[in-house]
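Some notes on the structure that comes next.
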Amino acid sequence: MTPHDSGFGPDLVEVFGPKHEDGGPELIQLLTPEGERVHHPEFDMDFSAEQLRGFYRDMALVRRVDVEATALQRHGELGIWAQLLGQEAAQIGAGRAIRPNDYVFPTYREHGVAWCRGVDPLHLISLFRGVDHGGWNPKDHNFNLYTIVIGAQTLHAVGYAMGMQRDGVVGTGDPERDACVLAHFGDGASSQGDVNESFIFAASYNAPVVFFCQNNQWAISEPIERQSRIPLYQRALGFGFPGVRVDGNDVLATYAVTQAALQRARDGQGPTFIEAYTYRMGAHTTTDDPTRYRLSTDVESWKLKDPIARLEVYLKRNGYAGDDFFADIAAEADAIGHTLREGTKAMPDPKPLDIFDRVYSEITPELAAQRDGFTAYLESFEGAVH
Amino acid sequence: MTKVTLAKGLNMGLRKAMEADDKVLLMGEDVGTLGGVFRITDGLQKDFGEDRVIDSPLAESGIVGTAVGMAMRGYRPVVEIQFDGFVYPAYDQIVCQVAKLHFRSQGRIKMPMVIRIPFGGGIGAVEHHSESPEAQFAHTPGLKVVTCSNPVDGYWMIQQAIAHDDPVIFLEPKRQYHAEKAELDESATPVPLFSSQLVRHGSDATLLAYGPTVKTAMKAAEAAAGEGKSLEVIDLRTLSPLDMGPVFDSVRRTGRAVVVHEAHVNLGLGAELSARITEECFYSLEAPVLRVGGFDTPYPASRLEEDWLPDLDRVLDAVDRSLEF
């Protein structure tokens, strides 16, 4: 029996059209892979030369952070690293659309968004080095700690947004006051119960949250087809809010679409789902070997859509940036690389006795007894320092 | 002074907490318009509004997960899990997020959340409505676990749990909700939340109970007194952290301890209590610490539950074995 004669109506192809490897006609794009500026009837906007150079700088520098951290892992300085390579435009486009009062809930790969929120890359590195579980203060950056359990943070994002509603900072019309939440997750997480529950809660309470899914096509070894039989953004409609698919390798389109969705949330018009269509150029993490499950020809075809290269072409062709600009960025990247290498090696190890004080707001008597016992044990070794 | 049931004591305590701090929010399934399936939140939505008493979609992970976000925003969410057996869909959020965020953030993120769970058996319900999951939460660093056994404790402990800055799993013995009333003096000074309380003096053996089994232990002590045996009873009240001071004092005097809980015996709270008593009171013990609890089977169909739950006779049987050791 084929889907056509199942008696259940039209099949997926009839409803959603044929599958498009390039994201399909619904893909919102303002800058083509060749660096051509195109226009969109709904999401078009003007960018200043300074803004365009800023996007380039952000993307080039976070790529350097990523490359440097990957190298540090290869040198044995980090236990593991989750690479963002190829997803710079999605993260910088979204990260630069956020306002200071907005709050961000990342996964563990949002190094580019962290950059936009002013989180020191050494704080990201310390997590992957095993020094801590995230060294920055979320309240200083309105940027939550990385969440390792896939999709769990999307519920936190909705709850935080519900708190904003109760604080009266949604839909007041005052741009200094109104705020919203940006929730990140990936294509793999879209299968998680928590993500689906977060959609339901957000829709039910009309919460000011933007769900930003970077569909990088792979959940470790599993292709997007294992997670969804329809384009991910179309799921939103079933939950009762709009979904859009944007070219996640196009920083201009990602910025424009995310900014519009965030403003919609701040205005009290509820959630939006953004599917940033992109590609994980690297491995899932440094422990992964993607040659076991995907074709190098796929990777080669996505190299032609590189987010940084297309903006570089556009900047040069239109005279928005000259050789000096690119030389300055390269020098800045080298300096960051140096800082990260030296900073990582100089990072002090955590102290064994520090863990006991952080479990509760005030240490419990039984935990204090364990700490004291461990202290005495450590001190029993000759020349002990801790 | 008024006479109140446990349900009423909890309801009054929640109201007090909401009056004291406008950051306190209630959320759960049916807690608003209906007032909860056990009516613990009765009338609160009417008085505090839909923004503070929130009827949630039917998704436990969603309830707890969104409460995490509200706590991050500065609220003090009190969520109701409708029945003990329905907490498991939220288990990941409780164990991986609620319990660990303070530690993960080096103390920068507080999680002042209360997760109320009606627990225990004896109400003739279908499967998943009679469980005792306390050990699973007591085993998780970062959580605190308490349980009230009577209306007065219900009134005070829920307020103390809400005012506490760490996440509290708050277990309510559902069979007691609408049972005996007790005199509540709202002007009294409550005992500290994380404290065990000696509730009956005795000299021959110590019964350690909490939640629904405190009543069972008190009845057993009454019956034993008629046979000339003097049993001391301690209501543990706090299961994590444990407050072992009163327990050690008692066992050093009586030399014998019997733990009574409805949860499965294997790796239950009784195992931990037994280990700690053995470590601290070794030379005072006249007999091994014994445990009376649910058998290591799934909770049975309700027509068997009174056989499965520890009752007065099974407690006295264990006391006899301890005394005769």
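Where a number appears in this text, it was derived from the coordinates with a stated rule and is not lab data. Keep in mind that this is a model prediction, so the values were computed, not measured. Ideal geometry is used to build each Cβ from the backbone, glycine not excepted, and the neighbour counts take in all protein chains shown.
Straight-line cross-link partners of B:Lys144 among the aspartates and glutamates, defined as a Cα under 13 Å from its Cα and at least 8 positions apart when in the same chain: A:Glu362, A:Glu366, B:Glu134, B:Asp165, B:Asp166, B:Asp243. Dividing the alpha-carbon radius of gyration of chain B by the rule-of-thumb value 2.2 N^0.38 Å gives 0.98.
Helix A:49-74 axis versus longest C-alpha principal axis of chain A: approximately 50°, rounded to the nearest ten. Partner lysines whose Cα lies under 19 Å from the Cα of B:Lys181, excluding those fewer than 8 positions away in the same chain, are identified as B:Lys3, B:Lys8, B:Lys215, B:Lys219.
Annotation for A:Asp46 and B:Ala301: the two label points, set 7 Å from Cα along the Cα-Cβ direction, are 7.7 nm apart.
With the convex hull drawn around the C-alpha atoms of region B:2-184, the volume per residue stands at 101 Å³. Over chain A, all Cα pairs binned in 10 Å intervals from 0 give whole-percent P(r) values of 5, 21, 30, 25, 12, 5, 2, 0, 0, listed from short to long.
With a cut-off of 11 Å between beta carbons, the residues surrounding A:Asp102 carry a summed charge of +2, where Lys and Arg count +1 and Asp and Glu -1. Rounded to the nearest 10 degrees, the inclination of helix B:151-163 to the longest alpha-carbon principal axis of chain B is 50 degrees. Note on A:370-377: average number of Cβ atoms from other chains within 10 Å of each residue's Cβ is 0.
The equivalent ellipsoid of region B:197-324 has semi-axes of 22, 17, 13 Å, largest first, where each one is the square root of 5 times an eigenvalue of the Cα gyration tensor.
Taking the DSSP bridge list for region A:20-345 and keeping only pairs wholly inside it, about 10 percent are antiparallel. Which residue, B:Ile63, B:Ile123, B:Ile169, has the most motion in a Gaussian network model of chain B that connects Cα atoms within less than 10 Å? So, out of B:Ile63, B:Ile123, B:Ile169, the one fluctuating most is B:Ile123.
Among A:Val251, A:Val13, A:Ala60, whose Cα lies farthest out toward the positive end of the dipole of chain A, if unit charges sit on the beta carbon of Lys, Arg (+1) and Asp, Glu (-1)? Farthest towards the positive end: A:Val13. Taking a point 7 Å out from the Cα of B:Leu58 in the direction of its Cβ, the residues of region B:109-140 whose backbone N falls within less than 19 Å of it are B:118, B:125-130.
The mean count of C-beta atoms from other chains within 10 Å of the C-beta of residues in B:5-17, rounded to a whole number, is 0.
Dividing the alpha-carbon radius of gyration of region A:210-257 by the rule-of-thumb value 2.2 N^0.38 Å gives 1.23. Here region B:177-229 was treated as a single set of alpha-carbon atoms; its pair distances binned every 10 Å from 0 give 18, 43, 33, 7 percent. If you plug the beta carbon distance of B:Ala179 and A:Val67 into 1/(1 + (r/R0)^6) with R0 = 60 Å, you get a FRET efficiency near 0.35.
Value of Rg to Rh for region A:251-365, rounded to two decimals, is 1.11; Kirkwood radius and Rg both from alpha-carbon coordinates.
So between B:Lys3 and B:Val126, what do we pick up on full extension, going 0.36 nm a residue minus the alpha carbon distance?
Contour length minus Cα-Cα distance gives 41.2 nm.
Placing unit charges on the Cβ atoms of the charged side chains and taking the dipole of region B:3-144 about its Cα centre, the candidate lying farthest along the positive direction among B:Gly120, B:Gly9, B:Ser56 is B:Gly9.
Once the Cα atoms are used to define both axes, helix B:312-324 deviates from the longest principal axis of chain B by about 40 degrees. Counts of other chain beta carbons within 10 angstrom of each beta carbon in peptide A:186-198 average 3. When you count the other C-beta atoms within 10 angstrom of each residue and take the mean per peptide, A:56-67, A:235-246 line up highest first as A:56-67, A:235-246.
When the alpha carbon gyration tensor of region B:99-163 is reduced to an equivalent ellipsoid, its three semi-axes come out at 26, 17, 9 angstrom, largest first. Residues considered: B:Ala263, B:Ala163, B:Ala205. Largest GNM mean-square fluctuation over chain B, using C-alpha springs under 10 Å, is found at B:Ala163. For chain B, adding -39500 (n - 2.57) for each run of n ≥ 4 DSSP H residues and dividing by the number of residues yields -10000 deg cm²/dmol at 222 nm. Got the relative contact order for chain B handy, in percent, Cα pairs under 8 Å and 6 or more residues apart? This gives 16 percent for chain B. As a rough guide to protection, the peptides A:257-264, A:353-360, A:196-203, A:342-349 ranked by mean Cβ packing within 10 Å, highest first, stand as A:196-203, A:257-264, A:353-360, A:342-349. When the P(r) is computed for the protein assembly as shown, the part past 41 Å accounts for 39% of the Cα-Cα pairs. What number, in percent, do you get for the relative contact order of region A:269-386 if the mean sequence gap of Cα pairs under 8 Å and at least 6 apart is divided by its residue count? Relative contact order for region A:269-386 comes out at 13 percent. The mean sequence separation of alpha-carbon pairs under 8 Å and at least six residues apart, normalised by the residue count of chain A, gives a relative contact order of 22 percent.
Where does each of B:139-145, B:95-101 land if you order them by average Cβ count within 10 Å, highest first?
B:95-101, B:139-145
Annotation note: trypsin sites (Lys or Arg not before Pro) in region A:100-191 located in DSSP loop regions with a Cβ neighbour count of at most 14 within 10 Å are A:Arg177. Remark on B:Ala263: its backbone amide H falls under 5 Å from those of B:Gly294, a criterion applied only to residues 5 or more positions apart or on other chains, H modelled at 1.01 Å from N.
Take the Cα of B:Val191, step 7 Å toward its Cβ, do the same at A:Thr287, and the gap between the two points is 4.7 nm. The modelled label-to-label distance for the pair A:Asp323/A:Ala346, using points 7 Å beyond Cα in the direction of Cβ, is 3.5 nm.
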